[in-house]
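Peer 1: Below you'll find the structure I mean.
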Amino acid sequence: MISPYYTPTRVTFGENAEENVGKEIKRENAKCVLIHYGSSRTEKSGLLGKVRSLIEKEGIKTVCLGGVKPNPRLSLVRKGIELAKKEKVDFILALGGGSVIDSAKAIGYGLYNRNTDVWDIYDKKAEAEGCTPLGVILTLSATGSEMSDSSVITNEDGGLKRGYNNDKSRARFALLNPVLTYTVPRYQTEAGSVDIAMHTIERFFHAGEGISITDEIAGALVKNVFEKALICIDNPENYEARASLMWASSISHNGLMAVGNDQRGDWACHNMEHELSGMFDIAHGAGLAILFPHWSRYVYKENPERFALLGKLVFGIEEKGEEGALKTIEAFENVFRALEMPLSLKDAGISVSDEQIDEMVWKATLGHRRTLGAFKMLSDDDMRAIFKAAR
């Protein structure tokens with residue numbers, strides 16, 4: 001199967017990268033920019049003011065919309081679309097992490113596709129014809145949205161969490177300064193690191209043949225992410241560790257880890273976790289840490305050698321077959337513990353009923369409009385079994 005690799009985003013990486021924002025936006029011939037961000041910390045740190053000044057210095061108007069939360073909400077997206085229409089916005093700058101970027105992409109879809117409800121795009125009832133151009137100043141290493149074609153939005157009405165992939169939403173530029181991640185809270189660093197690793201792991205478990213160079217890059221990336229995340233726990237201002245995590249975030253989800261693979265990957269854990277965090281508002285990386293070991297124990301017999309290979313590349317595990325596969329799963333559980341991630345819903349303080357599991361299974365399949373899994377295609381009963389094992 002063909003593995004397309006498309007990376008149009010211009011990346012500026014290093015200290016003070018954000019100082020290029022005015023020139024980058026001027027290059028896009030923008031007249032009015034919506035600066036989209038999350039918490040008030042962006043204002044209090046002075047970063048928002050600095051960015052506005054750099055843009056306005058180029059003669060470009062700015063308007064601002066903050067308030068993005070983890071698992072970004074549809075209600076704020078709608079507010080952003082209306083603000084952007086009113087102010088005649090023609091460019092969007094995401095100033096933050098993955099949630100901010102995802103929200104910015106959704107605003108971009110809604111602003112461009114004015115005759116289509118933006119939720120219909122995420123609910124797979126409509127296709128986006130385009131997206132208002134956007135750029136990124138990254139302040140959190142996690143989702144890889146700064147170079148990916150994807151975004152995920154949560155509809156508070158029903159707790160529905162939906163992802164959408166379209167190359168038209170890829171950022172025109174991404175300004176990556178690792179120093180901006182020094183103040184990221186410990187838990188967000190840990191959960192974000194799991195998310196980075198899982199973007200590569202989900203692609204590693206594809207259904208067919210792959211190539212060794214992509215496997216080896218994948219193993220090196222996941223190993224590096226775990227090593228650097230543990231360094232950041234004790235030394236949050238270690239530039240090299242923060243820089244490694246930031247670049248890993250980008251290349252883990254920009255398509256590189258799928259090149260040469262039979263198809264894009266499995267993604268069952270991600271899709272199931274979307275319903276978990278949609279219902280319980282748990283951090284995405286924490287939800288993935290809960291589900292991945294339970295998914296692994298459920299499916300590993302489909303191809304134990306694939307699990308064993310990942311264990312060898314990431315952890316140096318030499319055993320092959322089922323023994324190697326089980327040791328690999330245990331090694332992931334151990335590193336998740338070291339990163340203070342929950343390994344069960346109970347660990348996360350979540351009590352889930354059989355009825356809630358049925359609801360998550362239904363939502364994960366979009367009401368049976370899609371199937372989940374590639375390494376192993378999951379039935380409803382399979383998903384129920386994994387959710388129940390995770391309790």
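Peer 1: Non-local amide H neighbours of Phe91 (under 5 Å, H modeled in plane, Pro and chain starts lacking H): which ones?
Peer 2: Cys32, Leu34
Peer 1: By what distance, in whole Å, do the Cα atoms of the range 200-323 stretch along each of the three principal axes, largest value first?
Peer 2: 41, 37, 28 Å, listed from the longest principal axis down.
Peer 1: Tabulate in residue order the Karplus-calculated ³J(HN,Hα) for the range 36-48, using 6.51 cos²θ - 1.76 cosθ + 1.60 with θ = phi - 60°, rounded to whole Hz; enter x for Gly and Pro.
Peer 2: Rounded to whole hertz, the list is 10, 8, x, 7, 5, 4, 5, 6, 5, 6, x, 5, 4.
Peer 1: Can you tell me, using C-alpha contacts under 8 Å and at least 6 residues apart, the relative contact order of the chain as a whole percent? Write out the running numbers ahead of the final one.
Peer 2: Numbers: 764 pairs, mean separation 61.6, N = 391.
Contact order relative to length: 16 percent.
Peer 1: Using only Cα atoms, locate the centre of the range 110-179 and the centre of the range 293-312, then give the distance between them in Å, rounded to an integer.
Peer 2: The distance from the Cα centre of the range 110-179 to that of the range 293-312 comes to 31 Å.
Peer 1: Ignoring ligands and nucleic acids, what accessible area does Cys64 show with a 1.4 Å probe (Å², nearest 10)?
Peer 2: Counting only protein heavy atoms, Cys64 exposes about 40 Å² to solvent.
Peer 1: So, one more: Measure off 7 Å from each Cα along the Cα-to-Cβ vector at Lys88 and Tyr5, then give the distance between these two points in nanometres to one decimal.
Peer 2: Once both label points are built, they end up 4.3 nm from each other.
Peer 1: Cα centroids of the range 205-253 and the range 336-354: how far apart, whole angstrom?
Peer 2: Distance between centres, Cα-based: 23 Å.
Peer 1: Per-residue ellipticity at 222 nm for the chain, helices alone: DSSP H runs ≥ 4 residues times -39500 (n - 2.57), over residue total, nearest 500 deg cm²/dmol?
Peer 2: Values: 15 runs with 191 residues, N = 391.
Value at 222 nm, helices only, nearest 500: -15500 deg cm²/dmol.
Peer 1: Please compare each pair in Lys44/Lys168; Lys79/Lys161; Lys320/Lys363; Lys86/Lys124 to a cut-off of 30 Å on the Cα-Cα distance and tell me which ones are over it. Don't jump to the answer; show the numbers that get you there.
Peer 2: Details: Lys44/Lys168 33 Å; Lys79/Lys161 18 Å; Lys320/Lys363 37 Å; Lys86/Lys124 27 Å.
Checking Cα-Cα distances, Lys44/Lys168; Lys320/Lys363 exceed 30 Å.
Peer 1: A further question follows. Semi-axes of the range 48-138's equivalent ellipsoid from the Cα gyration tensor, sqrt of 5 times each eigenvalue, largest first, rounded to whole Å?
Peer 2: On the way: eigenvalues 103, 44, 22 Å².
That gives 23, 15, 11 Å for the three semi-axes.
Peer 1: While we're looking at this one, here's another question. Taking the highest mean first, how do the peptides 65-74, 347-356, 378-387 order by number of other beta carbon atoms within 10 angstrom per residue? Present the calculation step by step, with values, prior to reporting the outcome.
Peer 2: Values: 65-74: 20.3, 347-356: 13.3, 378-387: 18.3.
Answer by packing, highest mean first, reads 65-74, 378-387, 347-356.
Peer 1: Which of the peptides 134-143, 178-187, 244-253 is most tightly packed, and how do the rest follow, going by the mean number of other Cβ atoms within 10 Å of each residue?
Peer 2: On the way: 134-143: 27.8, 178-187: 17.4, 244-253: 24.3.
Top to bottom by mean Cβ count within 10 Å: 134-143, 244-253, 178-187.
Peer 1: Using label points projected 7 Å from each Cα along Cα→Cβ, tell me how many nm separate Ser379 and Arg78, to one decimal.
Peer 2: Here the modelled spin labels are 3.9 nm apart.
Peer 1: So how far apart, in nm, are the two label points at Val259 and Asp358 if each is 7 Å from Cα heading toward Cβ?
Peer 2: Label-label distance for Val259 and Asp358, simple model: 4.8 nm.
Peer 1: Sticking with this one: Suppose the Debye formula is applied to equal point scatterers at every Cα of the chain; what is log10 I(q)/I(0) at q = 0.10, 0.12, 0.13 Å⁻¹?
Peer 2: The Debye formula, applied to the Cα set alone, gives -0.62, -0.90, -1.06.
Peer 1: Amide H of Val11 versus every other amide H placed in the peptide plane: which residues, excluding those fewer than 5 positions away on the same chain, fall under 5 Å?
Peer 2: Answer set, sorted by chain and number: Ala174.
Peer 1: I've got another one for you. Using r as the Cβ-Cβ distance of Ala220 and Ser45, and R0 as 35 Å, what FRET efficiency do you calculate, to the nearest 0.05? Each step should come with its number before you reach the end.
Peer 2: Values: r = 33 Å, r/R0 = 0.95.
My answer for the efficiency is 0.55.
Peer 1: Give me the 1.4 Å probe accessible area per residue for the range 184-326, excluding ligands and nucleic acids, in Å².
Peer 2: Working: 4970 Å² over 143 residues.
That works out to 35 Å² for each residue.
Peer 1: Then there's this: With r defined as the distance between the Cβ atoms of Glu56 and Tyr182 and R0 fixed at 25 Å, what FRET efficiency is calculated, to the nearest 0.05?
Peer 2: Details: r = 26 Å, r/R0 = 1.05.
With R0 = 25 Å, the Cβ-Cβ based efficiency is 0.40.
Peer 1: Using θ = phi - 60° and the Karplus form 6.51 cos²θ - 1.76 cosθ + 1.60, what ³J(HN,Hα) does each residue of the range 289-302 get, whole Hz, x for Gly and Pro?
Peer 2: Values, residue by residue: 4, 5, 7, 4, x, 6, 4, 4, 5, 7, 10, 4, 5, 4 Hz.
Peer 1: A follow-up question, please. What is the list of residues in the range 1-22 whose amide nitrogen lies under 18 Å from a point 7 angstrom out from the Cα of Ile211, following Cα to Cβ?
Peer 2: 1-7
Peer 1: Nearest 10 degrees is fine. How inclined is helix 268-280 to the longest principal axis of the chain, computing both from alpha carbons?
Peer 2: The angle comes out at about 60 degrees.
Peer 1: So, one more: For Lys161, which sequence-distant residues (separation of 5 or more, or a different chain) have an amide H within less than 5 Å of its own amide H, given hydrogens modelled in the peptide plane?
Peer 2: Here Asn155 satisfy the definition.
Peer 1: Relative contact order, percent, of the range 68-190 when contacts are C-alpha pairs under 8 Å separated by at least 6 residues? Working shown, then result.
Peer 2: Numbers: 229 pairs, mean separation 34.5, N = 123.
With pairs under 8 Å counted, the relative contact order is 28 percent.
Peer 1: Turning to a different aspect of this structure: Counting only protein heavy atoms and a 1.4 Å probe, tell me what percentage of the chain's accessible area is made up of carbon and sulfur.
Peer 2: 48
Peer 1: If you don't mind, there's one more thing I want to ask. Mind listing the phi-derived Karplus ³J(HN,Hα) values for the range 62-72, rounded to whole Hz, using 6.51, -1.76 and 1.60 with θ = phi - 60°, and x for any glycine or proline?
Peer 2: Per residue, the Karplus-derived 3J(HN,Hα) values read 10, 10, 10, 9, x, x, 5, 10, x, 6, x Hz.
The values are calculated or read from the model by the stated rules, or taken from the named source; none is laboratory data. Predicted model, so just to flag it, every value in this text is computed and none were measured. Here Cβ is always computed from backbone atoms with ideal geometry, including for glycine, and neighbour counts include all displayed protein chains. Surface areas here come from the heavy atoms of the whole protein model, side chains and all, with no ligands, DNA or RNA. Shrake-Rupley method; radii C 1.70, N 1.55, O 1.52, S 1.80 Å.
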